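So the structure is just underneath, and the comments pick up after that.
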Amino acid sequence: MLATLIPLFDDKMEVKAYSILAKRENTLVNPRYQGTASLDGAGEVDGFEVVNSIGMDALASDSELFIEVNNISVFADIPSLCEGDHSRQVLIIDSYVTPEDIYVNRLKELKADGYKLAMKKLSPAQFENYKTVLDLCDYILLDHNKIDIVKAHLYFSHMYPDIKLIAVNVNSKEDYDKLVSEKSGYDFYEGEFFRMPITSSDTEVAPLKATYIQLLNVVNDPDFELTQAADVIGQDTALVISLLEMVNRITVSSNISSVRQAAALLGQKELKKWITTAVTRELCADRPSEIARLSMIRARFAENLAPSFGMGVASSELFLMGLFSVLNLILDKPMEEALKLVNVTKDIENALLNRNGKLYPVLDFITNYETASWQEVFRQIIVGELDMDEVYKAYLDALVWYRKLVAPANK
């Protein structure tokens, strides 16, 4: 099975929920799953398997999780499939869950159990016929490219005032900004807009960010000195605190008396890894939280995929490639300018800037994976002879690692 998380934003660019998109079978290897055989095991809910594997908090902390159910699995014993907090689970249904009594009564049962409901893939022409279903829904997903949102907002505010509208397929920052500025009536937005590359910017790097970049350049030197890195860390209180917390978690009775001592206790390899992640988090402090999350999950996911791509010796390089894959968004500069500020290898530069080189196949795979472009992912799995289960485990590990990494900051 494969699975990924898609964030849902509000009009302040804050992540309010995640949608789990999962695929159990490689339909390129098993074409029958594109036909009637797709109903084999339809009583199962793949999203719940993901939740059960690593827990709701590892997936989305305090956020809601949108999980798809179909017209068969909606009748499954859903509470027994997943023991997570019902109030944070939003069950997504589509038009195959028709406004018949058998479905309406089942939806009422799920609502009584504390679940929330969301409707997707419903055309405006179906709104009236699906009234008994929409009366029970908390959300409706609308393709902003295919609907007149002004009319839709008027309609829903009158007929279903408690339903929240979610704009899907918002695939550019320009579209997102336009929808927000026009006060379109959408409550949440889903799409790739937060990942779009920046093409121009006159923004200067702030003094504190300059310190972080200086630190990255120090540790990206293959022969960097621990004392030099420690001295730069000492220029920023937040980094010092973070370093001491890190060292205290892995040592016993260390009685640390200086930043240099803390750096020495970690050692060069672990200090470099901590710096790259901690600094990225600090660089993202004034950016949407999803950028930091995306950066770090990509880093760990890329590192985990190294053996599958026959690049075990390049795992550290792949980690940095993933970490810096949104450096343009972090620094609010075009990628070419952003990369000039950090001392990365030519292979990382080729992958991020030129979309080629030995590391790029991993980045290309990750970007397709995180957007649930399953057909392309399946193709790459076949061509690269990748193990689908290992890919899935690599992604889940990245989610768990990220949650543990940021846990102290969330307390």
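What follows is calculated from the coordinates using simple rules that are stated; it is not laboratory data. No experiment lies behind these values; they were computed from the predicted model shown. Every residue, glycine among them, receives a Cβ derived from its backbone with ideal geometry; neighbour counts consider all protein chains shown.
Miscellaneous remarks
- The order of the peptides 8-15, 96-103, 364-371 by mean Cβ neighbours within 10 Å, most packed first, is 364-371, 8-15, 96-103.
- For the pair Leu244 and Tyr96, a Förster radius of 51 Å applied to the C-beta separation gives a FRET efficiency near 0.40, rounded to the nearest 0.05.
- Within-10-Å neighbourhood charge of Phe324 [Cβ basis; K, R +1; D, E -1]: 0
- Dipole-positive endmost among Ala372, Asn304, Thr211 within the stretch 207-410 (Cβ charges, Cα centre): Thr211
- Summarising the label geometry, the points placed 7 Å from Cα in the beta-carbon direction at Leu28 and Asp62 lie 4.2 nm from one another.
- Value of D in µm² per second that Stokes-Einstein yields for the chain, Kirkwood Rh from Cα pairs, at 37 °C (0.692 mPa s): 142
- Normalised per residue, the volume of the convex hull around the Cα set of the stretch 45-153 (Å³): 108
- In the chain, taking the dipole from charged Cβ atoms about the Cα centre, the farthest positive-side position among Tyr189, Val90, Asn328 is held by Asn328.
- Under the criterion of Cα pairs below 8 Å and six or more residues apart, the relative contact order for the chain equals 15 percent.
- Shown is the FRET efficiency for Lys151 and Asn354, computed with R0 = 51 Å from the Cβ-Cβ distance and rounded to the nearest 0.05: 0.70.
- Assuming charge only on the beta carbon of Lys and Arg (+1) and of Asp and Glu (-1), the dipole of the stretch 103-166 about its Cα centre is about 120 debye to the nearest 20.
- Working ranking of peptides 298-305, 228-235 by packing, defined as the average number of other Cβ atoms within 10 Å per residue, highest first, is 298-305, 228-235.
- Relative to the dominant Cα principal axis of the chain, helix 101-112 is inclined by about 40°.
- Convex hull (Cα only) mean projected area of the stretch 2-195, reported in nm² to one decimal: 11.4
- Among Asp389, Asp148, Asp223, residue whose mean-square fluctuation peaks in a GNM of the chain (springs only between Cα atoms under 10 Å): Asp223
- Reported to the nearest whole Å, the Cα centre-to-centre distance from the stretch 387-403 to the stretch 45-122 is 23.
- In this rough spin-label picture, where each label sits 7 Å from Cα along the Cβ direction, the Glu270-Ser181 distance is 5.0 nm.
- Förster radius 25 Å - calculated FRET efficiency between Asn52 and Lys404, Cβ distance, rounded to 0.05: 0.85
- Based on C-alpha pairs under 8 angstrom that are at least 6 apart in sequence, the stretch 2-195 has a relative contact order of 18 percent.
- Net lengthening on full extension, Ser258/Asp389 (0.36 nm per residue, minus Cα-Cα): 42.7 nm
- Among 181-189, 320-328, the peptide with the highest mean count of other Cβ atoms within 10 Å heads the list, and the full ranking is 320-328, 181-189.
- Gained length - Val313 relative to Asp135, 0.36 nm times residue gap less alpha-carbon distance: 58.5 nm
- Here the spin labels are modelled as points 7 Å beyond Cα on the Cα-Cβ line, and at Ser123 and Gln375 they lie 2.1 nm apart.
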